[in-house]
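Here the structure comes first, spelled out in structure tokens, and everything after it is commentary.
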Amino acid sequence: MVLACDDVGAGPVVVLLHGFPFDRTTWAAQVDALKARHRVLTPDLPGHGASPARSAATTVSSMAQDVIDTLENHGVAGPVVVGGLSMGGYVALALAVEHPRRVRGLMLINSRAAADPPATKSVREDLARLVLADGHPGAVVDAMLPKLFAPGVGATDLAVTSIERVMRGTSPAGVAATLRGLALRPDRTPDLPSIAVPTLIVAGAEDQLIPIDESRAIQAAIPSAQLVVIAEAGHLAPLERPDAVNQAVLAFLDSLGTGG
Ligand code: MLT
């Protein structure tokens, strides 16, 4: 599937993949910071934003293939730097493992390598049914929103209301198919030592969904990985602390050079 995708700027290609259930607009601050020296592609993953939902479970591997189809549609044939927030990180990791020739640098932001434990799979299925029965994604928004931002730090009202608006605008079919696909994703932990490209791990010091030790373990397992911990950030570090995240991302991209 070719995805709806913004394609901005000129220079080495960077692909940024949003989290669940968000859309490409969540990368606005990063696109602004990168576009002077990079070509930045921000797709809407299937069932999010302007990209249609699949009728069945949307697996992480199928999303990785969609990203490749989208790159080809935009005339990008060579290897790219790919980064993802949380679910987007699962897809970025799938690209690095399943399509290594397409990836020259990897950024995993507020993300993880492990599969869902059984309890999480069952919560996802319950939520998928609820959202389809309700005809709106409110149950997912209510479950996730309180855990997205660093507690007590005071995310701006604008950040909270804008992400809530995006979440409530995601189609129930897209939310359900994605929940079911995420529950099917494999444990990538055994693959981490074979990732040969430079990798940046970004973690929120106060991420309530992904404990920082998971980010430390990923960094230790990937041979060429560095970890940047963003203070006063939760699960949405690129939105909560855009300047700190942009600084880490730009330093990483500079270290990679143009890639030819
Ligand atoms: C995300 O932010 O993308 C989600 O927390 C991912 C997930 O539900 O595993």
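Points worth noting:
- For the range 18-111: rounded, prolate or oblate by the Cα gyration tensor [a/c cutoff 1.5]: rounded
- Arranged from fewest to most other beta-carbon atoms within 10 Å of their beta carbon, D6, D23, D32, D254 become D254, D32, D6, D23.
- Neighbours of G78 by Cβ distance under 10 Å: Lys/Arg scored +1, Asp/Glu scored -1, total +3.
- Residue separation of A133 and A251 scaled by 0.36 nm, minus their Cα-Cα distance, works out to 37.9 nm of gained length.
- Exposure proxy order (Cβ contacts within 10 Å, fewest to most) of T258, T178: T258, T178
- The modelled label-to-label distance between S194 and L145, using points 7 Å beyond Cα along the C-beta direction, is 4.3 nm.
- Summing Cβ point charges (Lys, Arg +1; Asp, Glu -1) relative to the Cα centre of the range 20-124 gives a dipole of roughly 240 debye.
- Cβ-based charge dipole, the chain, positive-most Cα from V197, L239, T170: V197
- Gain on full stretching of the segment that runs from M1 to R165 - 0.36 nm per residue minus C-alpha separation: 56.5 nm
- 9 Å beta-carbon shell around A231, net charge (K/R +1, D/E -1): -1
- Beta bridge orientation in the chain: antiparallel %, DSSP, nearest 5: 15
- Computed magnitude of the charge dipole of the chain (debye, nearest 20; Cβ of K, R +1, Cβ of D, E -1): 440
- When the Cα gyration tensor is reduced to axis lengths a ≥ b ≥ c, the ratio a/c stays below 1.5 for the chain, which is therefore classed as rounded.
- Computed from the Cα positions only, the extents of the range 37-191 along the three principal axes stand at 42, 34, 30 Å, in decreasing order.
- Here the 3J(HN,Hα) profile of the range 34-46, calculated from phi with Karplus coefficients 6.51, -1.76 and 1.60 at θ = phi - 60°, is 9, 5, 5, 10, 9, 8, 10, 9, 10, x, 8, 5, x Hz, Gly and Pro shown as x.
- Counting DSSP beta bridges with both ends in the range 1-102, the antiparallel % (nearest 5): 35
- In this label model, Q208 and A56 are separated by 3.6 nm, measuring between points 7 Å along each Cα→Cβ vector.
- Contact order for the chain, expressed relative to its length and based on alpha carbon pairs under 8 Å spaced 6+ residues apart, stands at 22 percent.
Readers should treat all values here as calculations from the given coordinates under stated rules, not as data from a laboratory. Keep in mind that what you see is a predicted model, and the values were worked out from it rather than measured. Ideal geometry is used to build each Cβ from the backbone, glycine not excepted, and the neighbour counts take in all protein chains shown.
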